[in-house]
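Below: one structure, written as structure tokens.
Taken together, the values in this text are just the output of simple stated rules run on the coordinates, not laboratory data. Given the structure is predicted, the values throughout are model-derived calculations rather than measurements. Here the Cβ is made from the backbone with ideal geometry for all residues, glycine too, and neighbour counts use every protein chain on show.
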Amino acid sequence: MKSENVVVERTYNAPIDKVWSAITDVNEMRNWYFKLEDFKPKVGFKFDFLGGPEEGVQYLHLCEVTEVVEGKKITYSWRYDNYPGNSFVTWELFDKGDQTLLRLTHTGLETFAGLGAEFEKTSFNGGWTYFVHTALKGYLEPES
């Protein structure tokens, strides 16, 4: 089985602590990400949420934080209730002074092979590109 990864990068005009807070504080995440009931950047923390195409099926996502490097990196598992497969989403931050480079990597997409178009790499690439380049940018840089 061929490894399928999505990598999306963006540099924000925001300091690293502001970006870290945006991707780990549930009150901030609700403004640009999914409507999470709760989230904690702590290994072992489990969370779930509904998500999917606006006019399509909403899938229950089941996630668990697997790695935290405070202020720099967080990884969580990403799977779906009643579907086979398990993948991992990693958010890495790189301090560039007044700016921050974010690299999002979603690995293990090959474990969703054969589940349909919404589980293919192009779908994940489109979704993560939206969150990194549009939603999070709009939250961090509202004036631009």
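Values computed for the structure shown
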{"item": "Where trypsin sites (Lys or Arg not before Pro) in DSSP loops with at most 12 other Cβ within 10 Å are excluded, longest remaining stretch of the chain", "result": "43-144"}
{"item": "Stretch gain in nm, segment Thr66-Thr129, where the contour uses 0.36 nm per residue and the Cα spacing is subtracted", "result": "20.4 nm"}
{"item": "Dipole of the stretch 6-140, positive direction: furthest Cα of Val68, Asn31, Val57, with charges on the beta-carbon", "result": "Val68"}
{"item": "Normalised contact order of the stretch 6-140, rounded percent, pairs of Cα under 8 Å and 6 or more residues apart", "result": "29 percent"}
{"item": "Given charges at beta-carbon only (K, R positive; D, E negative), |dipole| of the stretch 1-116 in Debye", "result": "180 debye"}
{"item": "Contour minus Cα-Cα distance for Leu101 and Asn31 (0.36 nm per residue)", "result": "23.2 nm"}
{"item": "Computed lengthening from Glu92 to Ala113, 0.36 nm per intervening residue step minus Cα-Cα distance", "result": "5.0 nm"}
{"item": "For the chain, calculated [θ]222 nm from helices alone, where every DSSP H run of n ≥ 4 adds -39500 (n - 2.57)", "result": "-5000 deg cm²/dmol"}
{"item": "Leu104, Leu136 arranged by Cβ crowding within 10 Å, fewest neighbours leading", "result": "Leu104, Leu136"}
{"item": "Angle between the chain longest axis and helix 121-130 axis [Cα atoms, degrees, rounded to 10]", "result": "30 degrees"}
{"item": "Cα pair count fraction exceeding 24 Å, expressed as % - the chain", "result": "28 percent"}
{"item": "Förster-model FRET efficiency, 22 Å R0, Tyr83 and Asp38, C-beta, rounded to 0.05", "result": "0.45"}
{"item": "In the stretch 91-144, the GluC sites (Glu not before Pro) that fall in loop regions by DSSP, at most 12 other Cβ within 10 Å", "result": "Glu143"}
{"item": "Nitroxide proxy distance, nm - points 7 Å out along Cα→Cβ at Asp17 and Glu54", "result": "3.7 nm"}
